[in-house]
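Structure, as structure tokens:
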């Protein structure tokens with residue numbers, strides 16, 4: 001009798017789960033085909049938003065976009081000059097900004113500056129983990145220090161900032177965490193072994209922590225951002241075969257879309273949207289099939305002309 005009951009319970013739970021999954025799939029399709037500008041958006045006015053890597057590129061544009069929506073910005077970057085400039089730009093928009101020089105790879109520095117932020121500004125309720133680096137060299141040309149640095153910035157720094165700010169979000173039961181990963185978290189390409197691995201790792205970490213908060217029933221939202229090429233200088237010199245198909249995006253566009261994803265509480269943001277078709281194929285095709293598609297698009301040769309961001 002117990003076995004029969006267990007069987008009925010299993011099939012009942014299975015049918016219930018499949019129905020709920022179908023509903024979520026339909027909602028996702030509706031969201032996908034509806035322009036984000038038409039989605040209902042929550043207000044972020046008055047929220048304290050901390051952005052790492054805010055001294056330039058995507059981090060700066062996210063900060064400016066949040067400022068336009070009434071957030072109080074906390075700006076973190078190791079590049080103090082660029083970060084101070086972002087602070088001035090934020091204030092010119094009528095928003096408040098507190099600027100901190102912080103090396104996010106130094107966990108003790110992260111914890112120390114985080115305490116200063118809570119004392120001087122208040123509890124952070126929006127955290128945008130954006131800081132990142134790329135080396136652009138083949139595995140055997142990378143020094144051990146290069147590999148460690150890539151993971152320090154692109155992966156481990158996320159652990160330190162989350163450990164610093166997630167407890168206060170849990171305390172007030174409100175918050176939003178944005179993890180800027182990459183499309184290259186989905187597939188490895190030549191001369192990006194350390195970068196791809198670091199972005200894949202931070203993607204997995206993001207997904208695990210998001211589930212931890214759901215289990216704890218905390219009203220903290222998580223958005224994973226996976227952009228394609230962005231004109232920030234990070235991937236300077238990189239080229240693709242069909243630019244018109246998957247064009248390089250501006251930091252302004254990406255920054256705006258990231259803030260819209262916060263306001264619409266998206267779980268994932270792939271940019272440009274068409275890249276999701278490529279990601280789906282990477283997961284469906286066999287390895288050799290993936291290579292054929294990547295060769296057609298010129299993906300494997302993309303980093304051959306890489307120069308990287310110019311240093312002063």
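Summary of values
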quantity: So residue 55, is it under 30 Å from residue 235 (Cβ atoms) and modelled with pLDDT of 95 or more; calculated: yes
quantity: Region 131-155 - residue that is more than 16 Å from residue 224 (Cα to Cα), in a helix (DSSP H, G or I) and in contact (Cβ under 8 Å) with a residue 12 or more places away in the chain and, of those, farthest from the chain's Cα centre (by Cα); calculated: 139
quantity: Test: residue in region 279-289 that is without any contact (Cβ under 8 Å) to a residue 40 or more places away in the chain, surrounded by 12 or more Cβ atoms within 10 Å (Cβ to Cβ) and not in a loop (DSSP other than H, G, I, E, B); calculated: yes
quantity: Selection from region 1-53 of residues that are in a loop (DSSP other than H, G, I, E, B), without any contact (Cβ under 8 Å) to a residue 12 or more places away in the chain and surrounded by 10 or more Cβ atoms within 10 Å (Cβ to Cβ); calculated: 34
quantity: Lone qualifier among 128, 99, 110, 104 - being more than 13 Å from residue 193 (Cα to Cα), modelled with pLDDT of 95 or more and assigned to a helix (DSSP H, G or I); calculated: 110
quantity: Per-region count, region 224-238, residues assigned to a loop (DSSP other than H, G, I, E, B) and closer than 18 Å to residue 178 by Cα; calculated: 1
quantity: Residue that is closer than 20 Å to residue 46 by Cα and either surrounded by fewer than 20 Cβ atoms within 10 Å (Cβ to Cβ) or free of Cβ contacts under 8 Å to residues at least 60 places away in the same chain (or both), where the choices are 260, 243; calculated: 260
quantity: So residue 57, is it surrounded by fewer than 24 Cβ atoms within 10 Å (Cβ to Cβ), more than 20 Å from the chain's Cα centre (by Cα) and under 20 Å from residue 231 (Cβ atoms); calculated: no
quantity: For residue 304: the one exception among (1) closer than 22 Å to residue 24 by Cβ; (2) surrounded by fewer than 17 Cβ atoms within 10 Å (Cβ to Cβ); calculated: (1)
quantity: Single condition residue 214 does not satisfy, out of (1) outside any helix (DSSP H, G or I); (2) surrounded by fewer than 18 Cβ atoms within 10 Å (Cβ to Cβ); calculated: (1)
quantity: Hey, residue 230 under 18 Å from residue 34 (Cα atoms), touching a helix residue (DSSP H, G or I) at 6+ places or on another chain (Cβ under 6 Å) and surrounded by 14 or more Cβ atoms within 10 Å (Cβ to Cβ) or not; calculated: no
quantity: Per-region count, region 203-238, residues farther than 14 Å from residue 270 by Cα and out of contact with any strand residue (DSSP E or B) (no Cβ under 6 Å at 6 or more places or on another chain); calculated: 21
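The values are calculated or read from the model by the stated rules, or taken from the named source; none is laboratory data. Values in this document were obtained by computation on a predicted structure and should not be read as measured data. No Cβ is skipped: glycine too gets one built from the backbone with ideal geometry, and neighbour counts run over all protein chains shown.
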